[in-house]
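Visitor: The structure's right below; bear with me while I get my questions together.
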Amino acid sequence: MRLHLLNRVALAVHRMLHTPSSLQSGVQSYTMNEGHSHLHISDVRNKLREIVGVSTNWSDHQQAMIDRTTLSSLLANRQEDLPSRRIKDSYVEILLPLGSQPILREKYLNVHNSVRFGRILEDLDSIGVLICYSHTKSDSHRRSPLSIVTALVDKIDMRRNIIHPDCDIKFTGNVSWVGKTSMEVKMHMFQNHNDIYSPVLDATFVMVARDSENKRAAFVNPLIVESPEEEEVFKQGEINKKRRTEISTASLLKVAPTADERKIIHSMFLNTLDSKTVSFRSRFLPPKSVWMEDAKLKGLEICHPQERNIFNRIFGGFLMRKAYELGWANACTYGGSRPYVVAVDDIMFQKPVEIGSLLFLSSQVCYTEGNYIQIRVHSEVFDPSTSHHSTTNIFHFTFFSEKEVPQIVPKTYGESMLYLDGKRHFDLTVKDVSINGSPPA
């Protein structure tokens, strides 16, 4: 039954990768709100600098961050003191005119003559922050006292894996759920084909609000719903929060694997034992398989001021782009063909990355099935003065290869836990991802 399910998903992905855009656009298309003004993608970061009150100049930027400490008096002591906002108050439309403004293509173009997905991750991160500032804006003061940062990329589901470099793109998004100090943001990306904007991806981010010095949590405006449809959107946000809590509680870093998972690991272990010897130490690699320890790829980034965000830390979108590109390279090396990203999920921003940090990235193939490759990228910063390593992010990417890939095989207990964790992420992706309107399950 599971093989039948995966065959259906693989067929849907294959059709998505190779169906002409003119045919794909007829499957499901969306019309933008023509009455809503569009913000150019290049103006998003400028708008954020204006809201926060910082400069594009490095030295001026540092002084501006010091000046922001005076805004703490504008913070609310209770959420009840803040006016409620509607979903439409935070709605934005952002234009990335790759078709009508060819000068923009150079930044986004990859060697395969399609759009670099890492650049899209950067744009989504900036747009998500702007949406939250639209939700929390106040007419009484020009600069916002809030420091809004990305806490989690809950998931990004691809509706089409090939993004054309010569067609205009639009992003839409709004706040979909609000807690006391956090906000869930829903974003959608569309691309213009024959004057019809067709869906490319759906993204869910979780953002948190902190005080003007980015030291403690700060309250955000409550959200009110005005229709049954908006009520459903808000309820889904509650469901997402509960799901994240359940996944965290069942983490393999906290509890033992389930009985079924233990059987999987033991079966793989038995399949690698040499039947000619009576020894648990004598292991051999089955055909069409790769040891997990041989499926790694590592990288290093020096975090320069150029990659800073509006709060003088390294831009989260930059971290996602670098992690994605390393993961893509690992999937390409492992599968022997061009991989296509199917989903991104559960990117947790555990610690901010300071300017000047040495950032170590480690990519690991942790699970494979059919044409699919599940990649985990671990990032950490290194302090040369103390020789201390600190984890900053964990990234999870699901790729689809053009041909069937070797089975990944763990050798140690730790690798077995990575395998099970990768399988869990993959199973969630197979259940949740919807490709061209044809859900895999």
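Visitor: Work out the length of the dipole vector of region 278-363 about its Cα centre, built from +1 on the beta-carbon of each Lys and Arg and -1 on the beta-carbon of each Asp and Glu, and round it to the nearest 20 debye.
Guide: Here region 278-363 has a charge dipole of around 220 debye.
Visitor: Once you keep just the Cα pairs under 8 angstrom separated by 6 or more residues, what percentage relative contact order results for region 96-224?
Guide: Once normalised by length, the contact order is 28 percent.
Visitor: Now, a different point. What list of ³J(HN,Hα) couplings, whole Hz, do you get for region 241-246 from phi and the Karplus terms 6.51, -1.76, 1.60, once you set θ to phi - 60° and write x for glycine and proline?
Guide: Once θ is set to phi - 60°, the couplings for region 241-246 become 5, 5, 4, 4, 5, 5 Hz.
Visitor: Take every Cα-Cα distance within region 142-207, group them into 5 Å bins from 0 onward, and report for each bin the whole-number percent of pairs it holds.
Guide: 4, 16, 21, 18, 15, 12, 8, 5, 1
Visitor: Another question, then. Would you tally the net charge around residue 165, using a Cβ to Cβ cut-off of less than 15 Å, leaving residue 165 out, and scoring K and R as +1, D and E as -1?
Guide: Local net charge: +1.
Visitor: At a threshold of 8 angstrom on Cα-Cα distance, excluding pairs fewer than six apart, so keeping six or more, what relative contact order does region 141-300 reach in percent?
Guide: The value is 19 percent.
Visitor: Over all directions, the average projected area of the alpha-carbon convex hull for region 161-305 comes to how many nm²?
Guide: For region 161-305, averaging the hull's shadow over all directions gives 17.3 nm².
Visitor: Spin-label point model (7 Å from Cα, Cβ direction): what's the residue 296 to residue 269 distance in nm?
Guide: 2.2 nm
Visitor: Further question: Nearest 0.05, what FRET efficiency do residue 139 and residue 93 give at R0 = 25 Å with Cβ-Cβ as r?
Guide: Approximately 0.70, to the nearest 0.05.
Visitor: Further, regarding this structure: If you average 1/r over every pair of different alpha-carbon atoms in region 71-229 and take one over that average, what Kirkwood value in Å do you get?
Guide: 16.8 Å is the Kirkwood radius here.
Visitor: Moving on. Test of understanding: given the chain, find the longest segment containing no GluC sites (Glu not before Pro) that are in a DSSP loop and have at most 11 other Cβ atoms within 10 Å.
Guide: Of all site-free stretches, the longest is 227-441.
Visitor: Just round it to a whole percent: the fraction of Cα-Cα distances in the chain exceeding 32 Å.
Guide: Roughly 40 percent, once rounded to a whole number.
Visitor: Can you list the trypsin sites (Lys or Arg not before Pro) in region 341-425 that are in a DSSP coil and have 15 or fewer other beta carbons within 10 angstrom?
Guide: Sites meeting the loop and neighbour criteria: 403.
Visitor: Net charge around residue 358, counting only other residues with Cβ within less than 11 Å of its Cβ (Lys, Arg = +1; Asp, Glu = -1)?
Guide: -4
Visitor: Now for a separate question. Relative contact order, percent, of the chain when contacts are C-alpha pairs under 8 Å separated by at least 6 residues?
Guide: Once normalised by length, the contact order is 17 percent.
Visitor: In nm, what is the difference between 0.36 nm times the number of residues separating residue 404 and residue 388 and their Cα-Cα distance?
Guide: 1.8 nm
Visitor: Given a Förster radius of 41 Å and the C-beta distance between residue 255 and residue 166 as r, what FRET efficiency does 1/(1 + (r/R0)^6) yield to the nearest 0.05?
Guide: The formula returns an efficiency of 0.25 here.
Visitor: Residue 245 versus residue 262, label points 7 Å from Cα toward the beta carbon: distance in nm?
Guide: 2.8 nm
Visitor: Now for a separate question. Using the Cα centre as the reference, give the magnitude of the dipole from point charges on the C-beta atoms of the chain (Lys, Arg: +1; Asp, Glu: -1; all else neutral), rounded to the nearest 20 debye.
Guide: 960 debye
Visitor: What does the charge add up to near residue 218, with Lys and Arg as +1, Asp and Glu as -1, over the other residues with Cβ less than 15 Å from its Cβ?
Guide: That sum, taken over residues with Cβ under 15 Å, equals +4.
Visitor: Starting from 0.36 nm per residue, how many nanometres of slack lie between residue 282 and residue 427 once their C-alpha separation is accounted for?
Guide: My answer for the length gained is 49.1 nm.
Visitor: Based on Cβ point charges of +1 for Lys and Arg and -1 for Asp and Glu, what charge dipole magnitude is obtained for region 191-304 about its Cα centre, in debye rounded to the nearest 20?
Guide: In total the dipole reaches around 1080 debye.
Visitor: Return the Cα extents of region 339-389 along principal axes one, two and three, sorted largest first, each rounded to a whole Å.
Guide: Cα spread of region 339-389 along its principal axes, largest to smallest: 46, 17, 16 Å.
Visitor: Viscosity 1.306 mPa s, temperature 10 °C: what is the translational diffusion coefficient of region 330-438 from Stokes-Einstein with a Kirkwood Rh over Cα pairs, rounded to a whole number of µm²/s?
Guide: 105 µm²/s
Visitor: Still on this structure, I have one more. Could you identify which residue out of 362, 100, 140 has the top mean-square fluctuation in a GNM of the chain using Cα springs shorter than 10 Å?
Guide: Greatest mean-square fluctuation among the candidates belongs to 140.
Visitor: So what does residue 219 come to for accessible area, using a 1.4 Å probe and Å² rounded to 10?
Guide: 70 Å²
Visitor: Using a Förster distance of 25 angstrom, determine the FRET efficiency expected from the C-beta separation of residue 329 and residue 411, and round it to 0.05.
Guide: Efficiency for this residue pair is about 0.60.
The values are calculated or read from the model by the stated rules, or taken from the named source; none is laboratory data. Everything numeric in this text was worked out from a predicted model, so none of it was measured. All Cβ positions, even for glycine, are placed from backbone atoms using ideal geometry, and neighbour counts span all protein chains on display. The protein model used for the area step is the full one, side chains on, heavy atoms only, and it has no ligands, DNA or RNA in it. Shrake-Rupley method; radii C 1.70, N 1.55, O 1.52, S 1.80 Å.
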